[in-house]
Amino acid sequence: MNAVQDYLHTFFFTYYPYLCLSVFLLGSLIRFDRDQYTWKTDSSQMLRKNTLRWGSNLFHVGILFLFFGHLFGLLTPHFFYSGFLSAGTKQLLAIYTGGTAGAVCFVGISLLLFRRLFDPRIRLTSHRTDIAILVILWVQLFLGLITLPYSLRHSDGSVMLLLADWSQRVLTFRASSAATLIGLDWPYKAHLILGMTIFLLFPFSRLVHVWSGFGALAYIARPYQVVRSRRLNVPPEHNLPPKK
């Protein structure tokens with residue numbers, strides 16, 4: 001690895017994660033505070049709903065599985081599951097379940113991107129950022145699917161442990177996190193960099209509506225709504241005279 005490659009490697013896998021996370025959190029907070037009317041995802045259901053129904057459902061089911069799979073798979077320390085699940089078994093489980101979810105998600109986003117690009121009515125009503133973020137997500141899913149054959153070559157779980165170690169080092173602010181990824185194959189590195197870039201672009205795109213989706217879970221624990229009548233001079237029902 002020459003000096004330029006070494007510099008880029010250190011930047012992307014040591015400093016870039018913190019840049020992306022900072023923009024992701026602060027940018028989302030600032031946008032919610034200043035531009036709440038843009039905190040949404042514009043619907044195009046009235047223009048063409050058949051392709052949207054299939055594409056949206058497949059995409060959201062797949063992406064939710066992939067998100068939580070990556071979250072718990074990468075950030076769970078090995079000693080939590082080493083007693084009942086080997087690293088190799090966990091990696092094979094991630095390959096088959098993640099590969100299935102990735103394929104489902106890829107089909108869904110391909111349908112969404114197709115209708116955005118090739119339906120004239122939807123293309124005219126689409127923002128450039130809408131198309132751009134769909135293209136970026138499409139490429140990210142494609143890169144994720146490319147990593148599957150590489151993961152099968154390392155069925156002992158070594159790659160999974162390597163990526164988990166890097167993720168946990170970043171999360172716990174430990175130095176030299178980039179050094180663990182020097183020998184990693186290029187599809188993994190491209191997948192990681194683009195994944196972090198999605199967090200960087202998150203506050204400036206329609207993806208901010210994801211926050212609302214998770215925030216809606218608070219609706220389950222909401223207090224009862226108290227409704228009071230605004231009509232004047234109407235006594236409470238229990239004070240009304242009895243009917244004859």
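Some notes on this structure:
- The string of couplings for region 104-120 from the Karplus curve (6.51, -1.76, 1.60, θ = phi - 60°) is 4, 5, 5, 5, x, 6, 5, 5, 5, 5, 4, 5, 5, 8, 10, 9, x Hz, one whole number per residue in order, with x for Gly and Pro.
- Size of region 131-197 as Cα extents on the principal axes (Å, biggest first): 37, 29, 15
- Legend: residues Trp54, Trp166, Trp39, Trp211, sorted from most to least accessible area (1.4 Å probe; ligands, DNA and RNA excluded), read Trp54, Trp211, Trp39, Trp166.
- Ligands, DNA and RNA excluded, the heavy atoms of Thr97 present near 60 Å² of accessible surface to a 1.4 Å solvent probe.
- Sulfur and carbon atoms: percent of accessible area, region 159-211 [1.4 Å]: 75
- Three-way shape label, region 74-200, alpha-carbon gyration tensor, a/c 1.5: prolate
- Residue-level accessible surface for Leu152, protein heavy atoms, 1.4 Å, Å²: 80
The values are calculated or read from the model by the stated rules, or taken from the named source; none is laboratory data. Note that the structure is a prediction, hence the values are computed from the model and not measured. To get the accessible areas, we keep the full protein, side chains included, count just its heavy atoms, and leave off ligands, DNA and RNA. Shrake-Rupley method; radii C 1.70, N 1.55, O 1.52, S 1.80 Å.
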